[in-house]
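Input: a single structure, listed below in C-alpha cells.
All of the numbers you see were taken from the coordinates with simple rules; none came from a lab. Keep in mind that this is a model prediction, so the values were computed, not measured. Here the Cβ is made from the backbone with ideal geometry for all residues, glycine too, and neighbour counts use every protein chain on show.
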Amino acid sequence: MEIINALKNTDETQILEINFGPQHPSTHGVFRMTIQLEGEKICGLKPVFGYLHRNHEQIAENLPYAAIMPYTDRLDYVNALANNFGYALTIEKLAGLEVPERAEYIRVIMAELARVVNHITVIGFMLNDLGAFFTPLLYAFRERERILDLFEEITGSRLMNNFFRFGGVKRDLTNANLAAIQKIVSKFPAFLKEFEALLTKNEILCMRCQNIGVLSGDTATNAGITGPVLRASGVNYDIRKVDHYSIYDRFDFKIPLGEKGDVYDRFYVRVLEIRESLKILEQALAKIPAGEIINKKSLPLLKMPRNFKPPVGEAYGRVESPKGELGFYVVSDGTPQPWRYHVRAPSLINLTVLEEMCLGQKIADAIIILGSIDIVLGETDR
Amino acid sequence: MSPLAIEEVKKNLEARLPDVKLRLVGDSLLIENPEDLPRVALFLKENPKFLFDYLSSATGADYLTFLESVYHLYSMAQKQGPVVLRVRVTKNNPRIPSLAPVYRSAELQEREAFDTFGIIYEGHPDLRRLFMWEEFQGHPLRKDYEQEDAEVLEAADIAWLEARGIKIPDEMKEKAKTLQAAGQRAITRKPEKPRN
C-alpha cells in the first residue's frame, strides 16, 4: 500500500525500452528500431540497420558492368525500373554513350509506370499500418497488378525487370503494348477518384495523419531528405526538373508540394504525383517516335559484356526514383569491372531524421511515420 | 558542374580562405589537408553566391596507397551543382573531420564509410558500424580485405560451438587442426578472373 501511495505522489514513470522489429510486419522488412517509451510516448529511437546487408557494392565490384544491371533490380524491389534507369544513366555518362530517341521515350514511359506502381503500393501499405486492414491495400493492388501484368509482357518479369541496357532498352514496345498502356493510363484517374473519395477527406485518416511526424523544410534539406518526403515539407526540388536528365524537359508537368510536412502531406503529395505521372505518360504516348531502341555502338556489348571497358574516370549519375534521389557513383580503371561502385540510397538517408520526427509522438504514430517515409530494406541495407 | 564553374568556386575559395590548399582533379576539388574540409564545406554552404545546402553523397574509396573520401554537394536553393570535394588520407592514419555538424545527411553515410573502409570521421556524433555487427573484424570494401570461408571452421569456431553442445564432424575438426598447425586462417580464395 505504501508503494502505491508513493507512486501516486510522483509523476515519474519508468522508461521502457522495447525492440521494434526486425521481425515485425509494419517495419516493411527486416528493420529494427530500439524505442524508449515513457508511457506511450516516444522519448528516444535508434534505428538499427544491416539485417538485409549483402554488400551489394563489393559484389558489383567483382562483376562486369553489364552484369550489375540485374543486381540493381534487387535494391528497391518495388520499382526495379527506376534503379535500372539510374545505373544505365551513370554508365552512359561514364562511357559517353548516346541514347536513341525512341529508347528515351520507352525509358520515361517505363519509369513513370514504375512510379505509379510504387506510390500506389506505398499508400496502400501506409493505410494498412493505420489500421485500415487490407481493404485499401487490395484496392491499390488490383490496379498495381494490371501494370505488373504489362511489365511481365514487356520485360519478361513482374518485379525484377532488368530492362535497361547501356545506350537503350532491351526490347521494343509494340503497338499492342502502347495501346495497353494507353488503356491503363486513361482508366487510372477513375480509380484515383474512387480511392480519394474513400480516403482523402476521411475523418479518421485526417485525425491520425495531420500534425503527426512534422518535418520542417530546412531540417529536411540539411539532412539530405529527398523525394516526396522533401516535397511534402514544401521544398521544390525534383531532379526531373533540376537536371532534366533523359528527356524530362519535353514534358509539361507540375511538382506537387505540401505545406506542413506531416504524414498527411506525404500521403497526399504521392496521390498528386501519380496524377502528374499520368500526365507525363499521356504526353509520352502521344509523342513517341519510331526508330532505333538501342545505340548501335553498344550492340556488340550485349553479346560480349566483358569487352566493355569504359575509359578511366568517374561518374555520378542520379535520378528521381519514387523514393528520392537515387545516385550511383562509379569509378572506372579501364578494366571490365568497376574499381568503385557506390549506391546513394534514398531509403537509407531518408531515415536520418526518423528519431526527430517520432519524438513526443505515440508509439502507434511511429509506425505510420515510418510508413510515410517509404523505405525498402533491399535498398536501405544493400 | 562544368570545369569553368569549378574554377570559379576554387577562385572564390582561395580569395576567402587563403591558407587552404586546393588542387583540381578532373572536375573536382582535392583538399590537400583534411583538416580544412569543414571550413570549405561551411563556406560553400553559406556563401550566398553558391548556397550548396545539400550534401547528396558522401562515400569512400580505396586506391591501394591511400583512402579517399568523396563528397557531392548540390544546391537546392540555387538549383546548381554538383561540386565534388575530395580528401585523401593514408591507410595507417585514416582520420578525416566529420561533415555531420555541417550537413546532417553525412551522419549515416559516414557511418557506412567507416564500416566499409575504416575511415575514422572525427567529431561524428555516433560513429558506429552501420551494417556489420560490432564484433566484426576488418573493413569489407578495402581492396586488401580477406573474406572468411563460411564453409570451413577454424579451431576457435569449433571450441565455441562445442562449448554449446553442438557436435562437429571429425573431418571438419581435422581440417581446422591442419589449418591451425600451418598458422593459417580459413580464407576464401579470390577468383583470378571475375565470372562471365
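Neighbours of A:N211, meaning other residues whose beta-carbon lies under 12 angstrom from its beta-carbon, give a summed charge of -2 when Lys and Arg score +1 and Asp and Glu score -1. Measuring max minus min along each principal axis, the C-alpha atoms of the stretch B:116-196 give extents of 49, 39, 24 Å (largest first).
How high is the relative contact order of chain A, given as a whole-number percent (alpha carbon pairs under 8 Å, six or more residues apart)?
Details: 700 pairs, mean separation 100.6, N = 382.
Relative contact order, chain A: 26 percent.
Within the same chain, lysines fewer than 8 places from A:K41 are excluded, and of the rest, those with a Cα less than 25 Å from its Cα are A:K8, A:K260, A:K362. Other residues within the sphere of radius under 15 Å centred on the Cβ of A:G261, judged by their own Cβ, net out at -3 (K and R +1, D and E -1).
Of all the options B:V40, B:V102, B:V25, the one that moves most in a Gaussian network model of chain B with Cα springs shorter than 10 angstrom is B:V25. Based on the Kirkwood approach, the hydrodynamic radius assigned to chain A is 21.9 Å, with every pair of different Cα atoms included.
For every other residue with a beta carbon closer than 13 angstrom to the beta carbon of B:R128, add +1 if it is Lys or Arg and -1 if Asp or Glu, then tell me the sum.
Numbers: positive: A:K46, B:R111, B:R129; negative: B:E107, B:E110, B:E112, B:D115, B:D126, B:E134, B:E135.
Every neighbour counted, the sum reads -4.
Taken one residue at a time, the phi angles of the stretch A:22-39 give Karplus couplings (6.51, -1.76, 1.60, θ = phi - 60°) of x, 9, 9, x, 8, 8, 6, x, 9, 10, 10, 10, 9, 10, 9, 10, 10, x Hz. Gly and Pro are set to x. For the pairs B:K49/B:K79; B:K10/B:K49; A:K193/A:K279; A:K183/A:K323; A:K46/B:K45; A:K170/A:K296, flag any whose C-alpha to C-alpha distance is greater than 18 Å. Exceeds cut-off: A:K183/A:K323; A:K46/B:K45. Of the GluC sites (Glu not before Pro) in the stretch A:291-332, the ones in a loop by DSSP (not H, G, I, E or B) with at most 15 other beta carbons within 10 Å are A:E292. Build a GNM of chain B with springs between Cα atoms under 10 Å apart, and of B:A150, B:A163, B:A15 the one that fluctuates most is B:A163. Calculated [222 nm] ellipticity per residue, helices only, for the protein assembly as shown: -13000 deg cm²/dmol; basis is -39500 (n - 2.57) per DSSP H run with n ≥ 4, divided by all residues, nearest 500. Ranked for footprinting exposure by Cβ neighbours inside 10 Å, fewest first, A:I109, A:I375, A:I184, A:I59 give A:I59, A:I184, A:I109, A:I375.
Exactly which GluC sites (Glu not before Pro) in the stretch B:118-171 are in a DSSP loop and have at most 12 other Cβ atoms within 10 Å? Walk me through the numbers before you get to the answer.
Numbers: sites: B:E122, B:E134, B:E135, B:E146, B:E148, B:E151, B:E154, B:E162, B:E171; in loops: B:E134, B:E135, B:E146, B:E151, B:E154.
Sites meeting the loop and neighbour criteria: B:E134, B:E135, B:E151.
Tell me the angle of helix A:175-199 to the major Cα principal axis of chain A, expressed in degrees between 0 and 90 and rounded to the nearest ten. Compared with the principal axis, the helix lies near 10 degrees. Cut-off 19 Å, label point 7 angstrom out along Cα-to-Cβ of A:T200: give me the residues of the stretch A:241-271 whose amide nitrogen falls inside. Correct set: A:253-271. Between A:K183 and B:K79, the modelled labels are 3.9 nm apart [label points 7 Å from Cα along Cα→Cβ].
Peptide packing for A:217-227, B:41-51, B:80-90 was compared via the average number of neighbouring C-beta atoms within 10 Å per residue; ordered from the highest value, the list is A:217-227, B:80-90, B:41-51. Under the criterion of Cα pairs below 8 Å and six or more residues apart, the relative contact order for chain B equals 14 percent.
Taking a ≥ b ≥ c as the square roots of the Cα gyration tensor eigenvalues, with a/c under 1.5 meaning rounded and otherwise prolate when a/b beats b/c, else oblate, which class fits the stretch A:284-377? Intermediate results must be reported in sequence, preceding the final value.
Numbers: a/c = 3.95, a/b = 1.86, b/c = 2.12.
It comes out oblate by the Cα gyration axes.
Can you say what percent of the DSSP beta bridges in chain B, counting only those with both residues inside, are antiparallel? Round to 5. Roughly 75 percent of the DSSP beta bridges within chain B come out antiparallel. Rounded to the nearest 5, the antiparallel percentage of DSSP beta bridges internal to the stretch A:53-380 is 100%.
If a spin label sat at a point 7 angstrom from the Cα of B:K143 along the line to its beta carbon, the backbone N atoms of the stretch A:308-324 nearer than 18 Å would be those of A:310-315.
Counting only DSSP beta bridges whose two residues both lie in the protein assembly as shown, roughly 90 percent are antiparallel.
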